[in-house]
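None of the figures in this text is laboratory data; all of them are computed from the coordinates on show. Fair warning: this is a prediction, and the values are worked out from it, not measured in the lab. Here the Cβ is made from the backbone with ideal geometry for all residues, glycine too, and neighbour counts use every protein chain on show.
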Amino acid sequence: MSGVLPTSAETVVVGAGIIGLTTALHLARAGREVVVIDKAEPWREGSAVNAGTCALQNKVTDLLPAYRLGLAEWRRLVAEMDGDFGFINRGGLRVAQSAEDVAALRYRAAEQAAQGVELEWLEGNALRDRAPWLSPSVTAATFCADDSFASPLLTGQALIRAIRSEGGQVVVAALTDRREKGDGYDLLTEAGTLSCRNVVVAAGPWSDRVASLFGIHLPVSLNVNTLSVTERTGQFMDNLVVTHIAGRFTLKQFPNGSCILGGGFQGRGDKDTGRKELDLDQLQANIRYQCSVVPQLQDLTLLRSWVGFTAIATDGRPTVGPTPGRPGLFFAFSTNAGFSIGPYVGRIVSEAVMGRTMPAIAHDWTPGRFIA
Amino acid sequence: MSGEILVIGAGPAGLAAARTAAGYGARVVLIDENRQAGGQYYRHPTSEALRTVRGDLFDEAVRGADLLTAVDDTNVMHLSGAVFYGFFDDGVAAFVHDGRLIRITPRATVVAAGATERPMPFPGWTLPGVMGAGAVQNLLKGQRTLPGRRVLVTGNGPLTLLAAANLVRCGAEVVEVLEAAANRPPFAMLPRLLLEPEMLLRGIGYRAILARHRVPFRARYTIVEARGSNRVEAAVVAPIAEDGAPDLSRARTLDIDTVIVGFGLVPASEATRSMGCAHGYEAGKGGWIPIRDENLETSREGVFAAGECAGAAGVEKALLEGELAGLAAAMRLGVAAGPRAEIHRDRLRRRLRRLMAFRVVIEAIYRLPASPLLARDDTVICRCEEVTLAEARRWTAEGVIEANSLKAITRMSMGRCQGRNCLSTVAQLIAAETGRDAAEVPLPRPRPPLKPVSVGALLADG
C-alpha cells in the first residue's frame, strides 16, 4: 500500500510502525504536512507481527508511569478514531507457579500498588473460579483491570487510513542518505529526493542505521521474539491477557478464537539482511512454558510460529525527543513493549515537533544521552 | 534418529528417490503424512490388496506395486503419519511422528512433497457435491466409490480428462467434460508428440473412452456457477469468449448432482520456500517452483527437490526426478560414485530432457491466455477465514499490492489450510488488479509447522 513520494514536506517520519504512524497521525490532525516513509511496505515489521499485548502489570516498575500513559493513549486513540483496532480491555492475570514466583509476585504487587496500580490478589478458590483454565500449578495471580490487547493485524490499517484521511501520506521509499540544507534536510531515497524541515526517526531496531546517516552513533541491539498462533477454538480465556511473574510469557485469545503465544523467547535474525529464523529449542521451551500454565493449549492445533524484531537500547529506556545540537532531527523508538507505549511516544514526539517541550517523564529518554 | 538422506514425501518421486539412494547403500529416512506409502498417485485400499491385484482397473496401481517395495528395503526407514515440521538452522529437520517432535540432521534432503489442487472459486464452489479432480481420483482408487450419479467434469489440463475417463470406466454418468483451453497443439510442435508415443496413446485412449460412451467433450468451455440448497443440484456452464471470460449470453444449465473441478495442480513449494531456496514462477508447471541445477539440487546446498513440488508435470517426470535426486543425493554422500553412477545419472538426465520436450506440447495444449476469474463479489475465496472476493478487492483498491499485506489485513490464508486453498487466488487477484504478472507477486514465506500439528506435539522430543 503506497502512494507517490512528494518532493517536499514539513516533516518526514522514517518508519511506518506503531510509533511512526501515531506520530504522523497527530501531526496530520494538527494540520501539519507529514509524510511517512518506510523501506518496504508499511506496517510489516515489529508492530505488525508482535503479540498485541497492551498490558500494564507485566512492565518494569521504573517505566510503569510511562506505560500507564501508553494505555491511556491507546484508549484515546480507539475512542477518537473510527478505525477498527481490535482493542480489548478485559484485564489480565499475572500468574505465579513456584513459591519463589509467589513471593516475587507479592513483592511486585506491593511495588505496583505503591505506584497507584490497582491489583486484585487471587489464590485458592477465588483464582480457580476466576480462571478455571489455569493449571493447578498456578498458585496465585494478580488481576489488573487495565491490562489490554489490540490486534496488530488491524491497527496498522486503521492508522494508515486515519493518516490519509487527515491529509498525511504513507509512502514506500527506502532512505539511502541525507544532505543538510539550510534549515532542513534533503532525504535521498530509492523513490526520489524529499526536502523537509523535520525528520522523526521512528525506525525501531533500524533507528541506529538511520542515525548513522546523520553521523550519530546509537547503541541499539536486537531482540528476535518468538510467537505462535493456534487454530480458532471456542472462547475459554474470557479475553484476559495472561502474563507470568517469571517473565517471557504473554498469552491471549483473540475474538476470532485463535490464541497467540508470545513472551520473547529468542530466535535468530539479522536486521541488515532481514533474515529471521526460529530457534527450535527456544520455540519448544516457549510452548512447554505456556502449556504448563494453560494445559488445554496442548490440545489445540498449532498453525504457525514466527519471529519478529524489537529494538533494545542498552539502558532499557525509550529514546524520544529532539536531538541536542541537531535542529529538526527527532528520534522516537522504544525498547521492548513498543506496542504498549507506542501511541504515547508518538504523541509526545509529535508535540515536540510542533515546538512543545518534552514532558518531565521523558527527561531521561533524550537521544542526547548517547551523544558525547 | 539417524539417517543420512531424508526424503520428504512417499509418493512416486519420494519412493523413487528412496529406492535409488538405498539401492546405492545410503541410509534413508522416508517420511510421509499418510497412513500408506504411495502418495496421491498410488492410492489403494490396502497394500495387500494392491500387491495381489493384477490387471487392475487402474494400471498405475499395478505399476506402483513394484515401487512400493522400496519401503521394505532394509536401508529405508519409512515413517508413515509423519508430518514435516520444518527445517532449521544447522541443518536440523524436524517432523512430528506419533505425537512427538523428532529432529534429524540429514546429510542430504530430497523434498518430494507433491502438489495440491488449484483452488478455483466460483459461485457455489463450496457446496457439497463439488469436488476436486484429484480428490475424485483418490475416491475412485482408494475407496472404490463413486462421488455421485450425474457428473459434470470441468477444468483445465490432463488431470481433468483423466478423472473424466476414470469416472466413466467406474460407471458414473458423466454428463459433459469441459476444458477451458482451446485444446489444440500448435502445428509446429506436433512432431514432438512422437517423443513419448506411449503417453500420446494414453491421452488418445482417454478421449476414446469418452467418445465410446458418447460423453461430450467441449473445449473453451467452463462452469460458471454451481446451484443447490444443501448440495449441488445444477450447474451453469458457458463457452469462453475471445477475451478469456465466460460468455454468459450462451450459458446453459445442466441437471447434475456432482461437479468435478480440476484446474490443474499447484506445486507444494511450502517446504522449499520455508527453507529459503530460490524459486521461480512457471505458469505451465503450476506456479512457484524451486530453481534447481541439473542434479535437481536447489539453491540450498544438500537440498534436492523432485516431482510435482518442483513443477506439476505428471507421474513419469516425478519418477525420473525422484530417481535422479536420490542418485544425486547418494553421490553427494559418496556412496554412489564411479562410472556406474555417472552412466546412470546421464541416462536419467537424457530421459528427463526428452520427457520435458514432450511436456512442452502438453503445456501448450492446455495453456490459457489468463486463468479465468469465475468468482463473483459475494463468492468466498478464503474458506478458512470466510473472506469474499469483494472484501479482498476493497483492499487492493486501497493500494494493498502485496500478498503478505493482504493476508495480514483480511486474515486470508491464515487458517487451517495455511493458504493452500486461497493463496494462488490471492496472488492472481493482486496480479490482475495491479497489472502485474503472477511472477511479480511473491507469496508470503511459509512458517513452521508446514502442516498444522497439535501444540502438544512440541512438548515431547522423540
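Observations, loosely collected:
- Within the protein assembly as shown, percent of DSSP bridges classed antiparallel, to nearest 5: 60 percent
- Helix B:423-434 vs. chain B, principal-axis angle (Cα, 0 to 90°, nearest 10): 60 degrees
- Simple point charges give the picture: +1 on the Cβ of Lys and Arg, -1 on the Cβ of Asp and Glu, and for region B:77-142 a dipole about the Cα centre of about 140 debye.
- Computed over chain A, the P(r) curve from all C-alpha pair distances, binned at 20 Å from the origin, holds 30, 56, 14, 0 percent per bin.
- Using the Cβ of residue B:159 as centre and a radius below 12 Å, the other residues enclosed give a net charge of -2, where K and R count +1 and D and E count -1.
- Computed from phi, the 3J(HN,Hα) profile of region A:283-294 under the Karplus parametrisation 6.51, -1.76, 1.60 (θ = phi - 60°) reads 4, 5, 4, 4, 5, 4, 4, 4, 5, 6, 9, 10 Hz, with x in place of Gly and Pro.
- Between 0 and 90°, nearest 10: helix A:64-80 axis offset from chain A longest Cα axis: 80 degrees
- Length gained when the stretch residue B:363-residue B:204 is fully extended (0.36 nm per residue, less Cα-Cα span): 55.6 nm
- Relative exposure of B:289, B:401, A:371, judged by other C-beta atoms within 10 Å (fewest first): A:371, B:401, B:289
- A convex hull fitted to the Cα coordinates of region B:119-263 yields 119 cubic angstrom per residue.
- Eigenvalues of the alpha-carbon gyration tensor of region B:380-440, scaled by 5 and square-rooted, set the equivalent ellipsoid semi-axes at 17, 12, 9 angstrom, largest first.
- Note on residue B:251 and residue B:386: the model spin-label points, each 7 Å out from Cα along the C-beta direction, lie 2.5 nm apart.
- Histogram of C-alpha separations across region B:231-281, 5 Å bin width, %: 4, 14, 14, 13, 13, 10, 9, 12, 8, 2
- Taking all Cα pairs closer than 8 Å and separated by 6 or more residues, the relative contact order of chain A comes to 23 percent.
- When each of B:141/B:317; A:276/B:317; B:141/B:451 is checked by Cα-Cα distance, pairs over 31 Å: A:276/B:317
- Beta-bridge orientation, chain B: approximately 45 percent antiparallel, per DSSP, counting only bridges with both partners inside.
- Between the Cα long axis of helix B:59-68 and the first principal axis of chain B there is an angle of about 20°, rounded to the nearest 10.
- Lys/Arg +1, Asp/Glu -1 at C-beta; chain A dipole; positive extreme among A:158, A:263, A:322: A:322
- Debye equation applied to the C-alpha atoms of region A:1-152, log10 I(q)/I(0) at 0.08, 0.15 Å⁻¹: -0.33, -0.88
- Taking the DSSP beta bridges with both ends in chain A, the antiparallel portion is around 70 percent.
- Listed residues B:136, B:188, B:397: farthest to the positive end of the dipole of chain B (Cβ charges): B:188
- When each of A:228, A:258, A:212 is scored by the number of other beta-carbon atoms lying within 10 Å, the sequence from fewest to most is A:212, A:258, A:228.
- More than 34 angstrom apart: percent of Cα pairs within chain B: 33 percent
- The lysines within cross-link reach of residue A:59, meaning a Cα-to-Cα straight distance under 22 Å and a gap of 8 or more places when in the same chain, are A:252.
- Sorted by Cβ neighbour density within 10 Å, fewest at the top, the residues B:379, B:253, A:23: B:253, B:379, A:23
- Net charge in the neighbourhood of residue B:263 (other residues with Cβ under 11 Å of its Cβ; Lys, Arg +1, Asp, Glu -1) is -1.
- Positive-end extreme of charge dipole, the protein assembly as shown - chosen from A:87, B:88, A:64 (charges on Cβ): B:88
- Cα-based radius of gyration for region B:316-390, normalised by 2.2 N^0.38 Å, reads 1.88.
- For chain A, size of Cβ-based charge dipole, Lys and Arg +1, Asp and Glu -1, in debye: 200 debye
- Counting every pair of alpha carbons in the protein assembly as shown, the share spaced more than 45 Å apart comes to 34 percent.
- For region A:128-254, the Rg and Dmax computed from alpha carbons only, in angstrom: 21.9, 66
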